[in-house]
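The values are calculated or read from the model by the stated rules, or taken from the named source; none is laboratory data. Note that the coordinates shown come from a computational prediction; the quantities given were computed from them, not determined experimentally. For neighbour counting, all protein chains shown are included, and Cβ atoms are generated from backbone atoms with ideal geometry for every residue, glycine included. These area figures cover heavy atoms from the full protein model, side chains too; ligands, DNA and RNA do not enter into them. Shrake-Rupley method; radii C 1.70, N 1.55, O 1.52, S 1.80 Å.
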Amino acid sequence: MAALAGVAPYDDDSGKYHGRRRIQGGRERLRKSLFMGAFTATRHNPDLASFYARLRQNGKDHLCAVIAVARKLIVLANTVLSRKTEWTPQYQQK
């Protein structure tokens, strides 16, 4: 599903050379929509914001972390749809 959306990482390796992973292909409109949703989620969804913050603390680039959140959104959407349930946040506001 991530490849169809265009957020799957592809390698650039050859022999001993190991290049950066890049996203490519997929549906452009879906990728752009997922990116904007992921960008908003990093600011307003406590669960995904903590995931984003953890990636940033571990040294990931801003855009790399946002794409990771986009991939997580795809996994969450797939889980919610397959289980036919509502999404319940792990973080409980008091």
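Please give the helix 46-57 orientation as an angle from the longest Cα principal axis of the chain, in degrees from 0 to 90, rounded to the nearest 10.
Orientation of helix 46-57: about 30 degrees from the principal axis.
Just reorder VAL69, VAL75, VAL80 by solvent-accessible area, largest first, 1.4 Å probe, all chains present.
Putting VAL69, VAL75, VAL80 in descending order of accessible area: VAL75, VAL80, VAL69.
For the ranges 32-40, 13-21, what's the packing order if you count other beta-carbon atoms within 10 Å of each residue, average per peptide, and put the highest first?
Going from most to least packed, we get 32-40, 13-21.
Relative to the longest principal axis of the C-alpha atoms of the chain, give the angle of the C-alpha long axis of helix 28-44, reported between 0 and 90° and rounded to the nearest 10°.
Tilt of helix 28-44: around 50 degrees.
Can you count the Lys pairs in the chain with C-alpha separation below 30 Å, eight or more apart or on different chains?
Close lysine pairs under the 30 Å cut-off: 8.
Compute the acute angle (0 to 90°) between the alpha-carbon long axis of helix 62-83 and the principal axis of greatest extent of the alpha-carbon atoms of the chain; round to the nearest 10°.
50
Per DSSP H run of at least 4 residues, take -39500 (n - 2.57); add these up for the chain, divide by its residues and hand me the 222 nm value, nearest 500 deg cm²/dmol.
-19000 deg cm²/dmol
Would you mind calculating the relative contact order of the chain from Cα pairs under 8 angstrom and at least 6 residues apart, reporting the percent as a whole number?
Relative contact order, the chain: 24 percent.
Order LYS84, LYS72, most accessible first, counting only protein heavy atoms with a 1.4 angstrom probe.
LYS84, LYS72
Over the heavy atoms of ASP61, what accessible area does a 1.4 Å probe trace out, to the nearest 10 Å²?
The value for ASP61 is about 90 Å².
Please give the FRET efficiency for LEU76 paired with ASP11, using the beta carbon to beta carbon distance and R0 = 22 Å, rounded to the nearest 0.05.
0.30
Can you match mean projected area of the Cα convex hull in nm² to one of these, (i) 7.6; (ii) 6.3; (iii) 5.4, based on a calculation from the structure here?
Answer label, from the structure shown: (i).
Ordering ARG31, ARG22, ARG71 by how much accessible area each has at a 1.4 Å probe, largest first, what is the list?
Descending accessible area places them as ARG22, ARG71, ARG31.
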